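Shown next, in structure tokens, is the structure this report addresses.
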Amino acid sequence: GLENLPPHGPYILSSNEISQIGSTCTTMVIVRLVSKGRLRDIVGFGAEDTWANPFLARLYPRTEAHPILPGRGQSAPALLAAHEALQAGKIVMMNPEGEMSWDGRMVPFKPGVAWLALRTGVPVVPLVATQGAYEIWPRWASRPKFTGRFTIRLGQPIYLAGQPLRRIEEDDLVIASRR
């Protein structure tokens with residue numbers, strides 16, 4: 001799905017968090033796209049505990065990455081920093097669930113990505129690791145099995161608003177999150 005990737009920002013690159021291997025490989029894809037010049041000015045938001053992973057810690061300096069306290073992935077400071085980055089024309093990478101799946105099923109979306117898209121009028125580009133990623137390395141496992149297959153796909157940009165909205169109601173967030 002690389003043809004779906006806009007050449008420059010602002011937009012939200014929204015990645016799902018189905019498993020540890022999916023998250024790691026998604027990060028690797030982003031770093032590769034950055035190093036090849038395909039992505040510029042990307043700002044990522046990730047759980048603070050991932051900074052303890054030596055492999056991921058080496059990847060983060062290639063992008064503008066912000067650690068987020070566990071359970072605070074869509075806190076007001078993170079959303080305001082993401083809003084500021086989008087206003088500056090950057091690409092924001094954030095997962096819509098705000099946490100990783102425990103059982104392989106999609107975690108319900110929190111309103112952060114939808115709020116950002118509605119508030120700024122920028123598109124959301126889905127970056128999805130398929131179900132096989134959970135089978136290889138579920139969140140609760142200490143290490144991967146390295147059996148099975150999964151794919152990472154980029155979807156077409158989704159516009160949740162034609163222009164930035166000044167006022168966003170709860171219903172707006174529910175509808176936008178469904179889309």
*Accessible area, 1.4 Å probe, largest first: how do 159, 11, 134 sort?*
159, 134, 11
*Pairwise label distance in nanometres, residue 166 with residue 179, each label 7 Å out on the Cα-Cβ vector*: 2.1 nm
*May I have the extent of the alpha carbons of region 79-179 along their three principal axes, as whole Å values ordered from largest to smallest?*
47, 26, 23
*Once amide H atoms are built 1.01 Å from N in the peptide plane, which residues 5 or more positions from residue 13, or in another chain, come under 5 Å H to H?*
92, 93, 94, 125
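What does the charge add up to near residue 15, with Lys and Arg as +1, Asp and Glu as -1, over the other residues with Cβ less than 12 Å from its Cβ?
Details: positive: 153; negative: 17, 97.
Around residue 15, the surrounding residues sum to -1.
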*Please give the solvent-accessible surface of residue 90 in Å², to the nearest 10, using a probe radius of 1.4 Å with every protein chain present.*
50 Å²
*At a probe radius of 1.4 Å, what is the per-residue accessible area of residue 106, in Å² to the nearest 10?*
110 Å²
*Residue by residue through region 149-154, which ³J(HN,Hα) values in whole Hz follow from phi under the Karplus form 6.51 cos²θ - 1.76 cosθ + 1.60 (θ = phi - 60°), with glycine and proline marked x?*
9, 8, 10, 10, 10, 9
*Which ³J(HN,Hα) values, rounded to whole Hz and listed in residue order, are derived for region 130-136 from phi using the Karplus coefficients 6.51, -1.76 and 1.60 in 6.51 cos²θ - 1.76 cosθ + 1.60 with θ = phi - 60°, glycine and proline given as x?*
6, 3, x, 4, 5, 5, 6
*asked:* Need the C-alpha centroid separation for region 118-179 versus region 5-38, integer Å.
replied: 12 Å
*In straight Cα distance, which lysines are under 28 Å from residue 90, not counting same-chain residues fewer than 8 positions off?*
36, 110
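The values are calculated or read from the model by the stated rules, or taken from the named source; none is laboratory data. As the structure is a computational prediction, the values presented were derived from the model and not from experiment. We place every Cβ from the backbone using ideal geometry, glycine too, and count neighbours over all the protein chains shown. Quick note on the areas: whole protein, heavy atoms, side chains included, nothing else; ligands and nucleic acids left out. Shrake-Rupley method; radii C 1.70, N 1.55, O 1.52, S 1.80 Å.
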